[in-house]
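Just below is one structure, and these are the notes that go with it.
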Amino acid sequence: MIYADARGRQLAALYRVYGVAATWRDTSAGVSNDVRVRRLAPDEVVDFGKGRAVLPTMTIKVRASEVPAPRKDDTVLIDGIAHVIVGKPTANVHRDEWSCPARPVG
């Protein structure tokens with residue numbers, strides 16, 4: 001078995017179990033695609049002076065096979081809620097999955 005094949009099957013299973021249906025809209029081309037995404041919402045601890053704040057964040061992960069080149073300002077519709085990509089998407093070490101910082105629209 002080739003590593004790339006095993007990795008592809010692993011990623012497919014991950015999205016089948018933990019992914020949710022979404023519609024990805026490429027705002028530069030005006031094209032929409034139905035995809036599966038994973039939502040992560042880790043808190044970020046920010047220090048300021050002698051205090052700390054815990055801020056909510058959101059990362060949307062998508063397979064590169066479904067969205068080859070995500071961009072800042074693309075929109076993603078998940079469960080009827082629109083989200084906008086607010087930063088530069090980054091690829092993982094295998095270049096088969098994108099992590100996109102996002103926030104709900106509105």
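Which of the following residues is touching a helix residue (DSSP H, G or I) at 6+ places or on another chain (Cβ under 7 Å) and surrounded by 12 or more Cβ atoms within 10 Å (Cβ to Cβ): ARG25, ARG36, ARG71, ARG7?
Numbers: ARG25 fails: touching a helix residue (DSSP H, G or I) at 6+ places or on another chain (Cβ under 7 Å); ARG71 fails: touching a helix residue (DSSP H, G or I) at 6+ places or on another chain (Cβ under 7 Å); ARG7 fails: touching a helix residue (DSSP H, G or I) at 6+ places or on another chain (Cβ under 7 Å).
Answer to the check: ARG36.
Of all residues in the range 1-24, exactly one satisfies the criterion of being touching a Leu at 6+ places or on another chain (Cβ under 8 Å) and of a type in the set (Ser, Thr, Tyr), namely THR23. Kindly establish whether ARG39 is modelled with pLDDT of 90 or more and under 24 Å from ASP5 (Cβ atoms). The answer is no for ARG39. On the basis of being closer than 22 Å to ALA4 by Cα and more than 12 Å from the chain's Cα centre (by Cα), does VAL105 make the cut? Criteria not met by VAL105. Listed by first and then second residue, the pairs linking a residue in the range 21-37 that is touching a residue at least 12 places away in the same chain (Cβ under 8 Å) and farther than 16 Å from ILE81 by Cβ to a residue that is part of a strand (DSSP E or B) and among the aromatic types (Phe, Trp, Tyr), with Cβ atoms under 7 Å apart and 6 or more places separating them unless they lie on different chains, are ASN33/TRP24.
For the range 85-93, check the following and say yes or no: at least one residue is surrounded by fewer than 17 Cβ atoms within 10 Å (Cβ to Cβ) and more than 29 Å from ALA4 (Cβ to Cβ). Working first, answer last.
Going through the range 85-93, the residues surrounded by fewer than 17 Cβ atoms within 10 Å (Cβ to Cβ) turn out to be 86-88, 90-93.
Right, trim to more than 29 Å from ALA4 (Cβ to Cβ) and you get 86.
Scanning the range 85-93, I find at least one residue that is surrounded by fewer than 17 Cβ atoms within 10 Å (Cβ to Cβ) and more than 29 Å from ALA4 (Cβ to Cβ), so the answer is yes.
The values are calculated or read from the model by the stated rules, or taken from the named source; none is laboratory data. All of these numbers come straight from a predicted model, not from anything done at the bench. Note: ideal-geometry Cβ built from the backbone for every residue, glycine included; neighbour counts use all protein chains shown.
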